[in-house]
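*Asks:* Before I ask anything, here is the structure I am working with.
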Amino acid sequence: MIAAQTVSTMSFFFASLALLCWAAVVLIGTGALLGRFVSRPIPLVESLGADIRRVALPLAWLIAAVTMLGSLYYSRIQHYIPCELCWYQRICIYPFAVILGIAAWRRDAGVRVYAVPVLAIGAMVAAYHTWVQAYPPVDGTSFCTADAPCTLRYVWEFGFVSLPFMALSACCCMIVLLLIARPAPRTATTSESS
């Protein structure tokens, strides 16, 4: 009974974080569009945008770390068996729990060149897997096995939030944050100053 409540609570928590990621994607996208198409800058939007750009790298790292820990919770503690598509998503997300942490510490927004393509691949796999879980094909998929079927919904919060949907949310939010991250300011070297 307690274990079932814990899983339900954790699933609700992670599903809520996934929806929060989508809210961030929408708000950041709206702010970016306003910045491009509005003739007069809106001070509040500009100020908020500058603050978000400044913390974008640490937020992206936090999302990667929480996503990794969440997937480890489901597979190692709850013993949910990841399917092949889950493994592909993990391959695209797990390294960024370290890489984005280093980039945030160094304030290196240039990491986007390497991170965005890999996260985009993870997002595409997660989108496909989300579709497969929402609308399971009658004959399965080529990725499904009897031991770890891709169509098995371990989590189905709010009537549509599944584990691959959570991965899709994390990938999309990290991509958006990396695209707006403010690069570290350049410092003058001693040879330039002499």
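*Asks:* Only helical DSSP H runs with n ≥ 4 go in: add -39500 (n - 2.57) per run for the chain, normalise by residue count and round the 222 nm mean residue ellipticity to 500 deg cm²/dmol. If you can, show how the numbers build up before the last one.
*Replies:* On the way: 7 runs with 132 residues, N = 194.
When only DSSP H runs of four or more count, the value is -23000 deg cm²/dmol.
*Asks:* Charges at C-beta only: +1 for Lys and Arg, -1 for Asp and Glu. How large is the resulting dipole of the stretch 2-183 about its Cα centre, in Debye rounded to 20?
*Replies:* Roughly 660 debye for the stretch 2-183.
*Asks:* Between Glu84 and Val26, with labels modelled 7 Å along Cα→Cβ, what's the label distance in nm to one decimal, could you check?
*Replies:* With each label point 7 Å from Cα toward Cβ, the separation is 3.5 nm.
*Asks:* On to the next question. Whole-Hz ³J(HN,Hα) for each residue in the stretch 91-100, computed from phi via Karplus 6.51 cos²θ - 1.76 cosθ + 1.60 with θ = phi - 60°, x for glycine and proline: what do you get?
*Replies:* These are the phi-based 3J(HN,Hα) values: 4, 7, 9, 3, x, 6, 5, 9, 4, 6 Hz.
*Asks:* Further question on the same structure: Computed FRET efficiency, Cβ-Cβ of Ala146 and Val98, R0 35 Å: what is it to the nearest 0.05? Show your work: numbers first, answer last.
*Replies:* Working: r = 34 Å, r/R0 = 0.97.
So the FRET efficiency works out to roughly 0.55.
*Asks:* With the contact rule set at Cα under 8 Å and sequence spacing of 6 or more, what percent relative contact order holds for the chain?
*Replies:* On the way: 209 pairs, mean separation 63.6, N = 194.
Relative contact order here is 33 percent.
*Asks:* Given a Förster distance of 30 angstrom, what is the FRET efficiency for Tyr73 paired with Arg182, based on the Cβ-Cβ distance and rounded to 0.05? List each step's numbers first, then the result.
*Replies:* Numbers: r = 32 Å, r/R0 = 1.07.
Efficiency at R0 = 30 Å is approximately 0.40.
*Asks:* So I have (1) 45; (2) 56; (3) 51, and one of them is percent of Cα pairs over 21 Å apart calculated from this model. Which one is it?
*Replies:* (2)
*Asks:* Okay, moving on. Mind listing the long-range amide H neighbours of Val161? Cut-off is under 5 Å, sequence gap 5 or more, other chains count too, H placed in the peptide plane at 1.01 Å from N.
*Replies:* Here nothing satisfies the definition.
*Asks:* Say we join alpha carbon atoms closer than 10 Å with springs in a Gaussian network model of the chain; which of Gln133, Gln78, Gln89 then has the biggest fluctuation?
*Replies:* Looking only at Gln133, Gln78, Gln89, the biggest GNM fluctuation is shown by Gln78.
*Asks:* By how many degrees, 0 to 90 and rounded to 10, does the Cα axis of helix 112-134 deviate from the longest principal axis of the chain?
*Replies:* Result, in degrees: 30.
*Asks:* Using amide H atoms built in the peptide plane, which far-off residues or other-chain residues are under 5 Å from Tyr80 H to H?
*Replies:* Correct list: Ser75.
Every number in this text was worked out from the coordinates using simple rules, so none of it is lab data. Since we're looking at a predicted model, the values are computed, not measured. As a convention, Cβ positions derive from the backbone with ideal geometry for all residues, glycine included, and neighbour counts pool all protein chains shown.
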